[in-house]
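Notes to accompany the following structure.
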Amino acid sequence: MNGNFVWRDAGRVIVFRDAALRGATRLLSEHGMEPFELLSTPRALAGAGDLADEAAAVHEVPSGGVPEAAAEILDAALSRNLVALGGGRVIDTAKAVASVTGARVAAIPTTMSGAEMTGIHRLPAGAENRVGAPTRPVLVVADPEAMTSQPEPRLRASSMNALAHGADSLYTPFANPVSRMTALRGAELIAAALDQAPEERDRAALALGSILCGYAIDSGAFSLHHVICQTLVRICGSPHAETNAAILPRAMAFLVPRAPAQISSLAEAIGSSPGDIEARLIELGGNPPGLGEVGADRSQLERAIDSILVRPELAFTPDSPNREELKQLIESAW
């Protein structure tokens, strides 16, 4: 796929380009993001070229949740321009900091988290009373090779996370013709790329699918799937991408009778049928491990369900599930 492009969209710019990471410093300058401070991780910095050298300061995002990481960096990040190089946790940390400081964010994703495309993020711990508007990156430097550079099992999980953004946005009250179009096209691209052998995979198509699905969830919002996954990650301690990979097949199968038209469209996009969508998503995810296998704490499940039930976004699900239905869905992925 030869798909290099520049997409200008309501105050932000997405530069999708082969080897964009190697030219990131120039792109930042061209789009008025200098001087800048860099938020990243050791893994991402190893492939960052001269980006760290050009930064006014480099902040290593600590392990742990976004609120705690953002709180640790908040008072040290002084620039009006923050550049986030890394996965979703790094980009969301930059967005959380910027929501307090008013800084602008440029995102250079190294996974398919979709965080670069949304204004969805948590807040710095202890700084809730200082928060302004939710922050969406004004510049996205999307390098397909960098976004799809993870080893195959992790790449599959990241891909399911990306596909879930499109899938979850299809049936909410905020879904619209544009969000549905981008969600379905993104899902189609991801599925087709995952059907290819790793050594032959169209990584540009896979990365573009992630970008489109990220756009879709930012526009159409989310409900059942992400409410479950976000809560399990926070309370049961399971890793983000792997949690999405485990839950997505079960959540979409659960929605077949509740949102038949939307799930039928999704099934068609990924080369399946509504009756086979669970098996197809498991196949695309590389038969992902269950929640228990990736470290979810089963002793916290009831507390997690309590939290899921009071999340307002759950009401965006047609015929919202009750406690027993939620428990059955989650346990089917254990």
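Some values worked out for this structure:
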{"read-out": "Any hit, the range 153-164, residues being closer than 20 Å to Leu85 by Cβ, assigned to a loop (DSSP other than H, G, I, E, B) and touching a Ser or Thr at 6+ places or on another chain (Cβ under 8 Å)", "value": "no"}
{"read-out": "Candidate set: the range 30-45, residues that are surrounded by fewer than 16 Cβ atoms within 10 Å (Cβ to Cβ) and either under 24 Å from Leu74 (Cα atoms) or in contact (Cβ under 8 Å) with a residue 24 or more places away in the chain (or both); chosen: the one nearest to the chain's Cα centre (by Cα)", "value": "Arg43"}
{"read-out": "Criterion: under 26 Å from Arg203 (Cβ atoms), of a type in the set (S, T, N, Q) and in contact with a His (Cβ under 9 Å, 6 or more places away or on another chain) - qualifying residue of Thr110, Thr118", "value": "Thr118"}
{"read-out": "Filtered residue count, the range 5-21, keeping only those that are surrounded by 14 or more Cβ atoms within 10 Å (Cβ to Cβ) and either free of Cβ contacts under 8 Å to residues at least 40 places away in the same chain or assigned to a loop (DSSP other than H, G, I, E, B) (or both)", "value": "2"}
{"read-out": "Of residues in the range 48-64 being in a loop (DSSP other than H, G, I, E, B) and touching a helix residue (DSSP H, G or I) at 6+ places or on another chain (Cβ under 7 Å), the one farthest from Gly87 (Cα to Cα)", "value": "Asp50"}
{"read-out": "Only listed residue being buried (at least 22 other Cβ atoms within 10 Å of the Cβ), part of a helix (DSSP H, G or I), in contact with a Phe, Trp or Tyr (Cβ under 7 Å, 6 or more places away or on another chain) and of a type in the set (Val, Ile, Thr), chosen from Ile211, Ile228, Ile190", "value": "Ile211"}
{"read-out": "The one condition in (1) out of contact with any Pro (no Cβ under 8 Å at 6 or more places or on another chain); (2) at pLDDT 95 or above that Glu199 fails to fulfil", "value": "(2)"}
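The values are calculated or read from the model by the stated rules, or taken from the named source; none is laboratory data. Keep in mind that what you see is a predicted model, and the values were worked out from it rather than measured. No Cβ is skipped: glycine too gets one built from the backbone with ideal geometry, and neighbour counts run over all protein chains shown.
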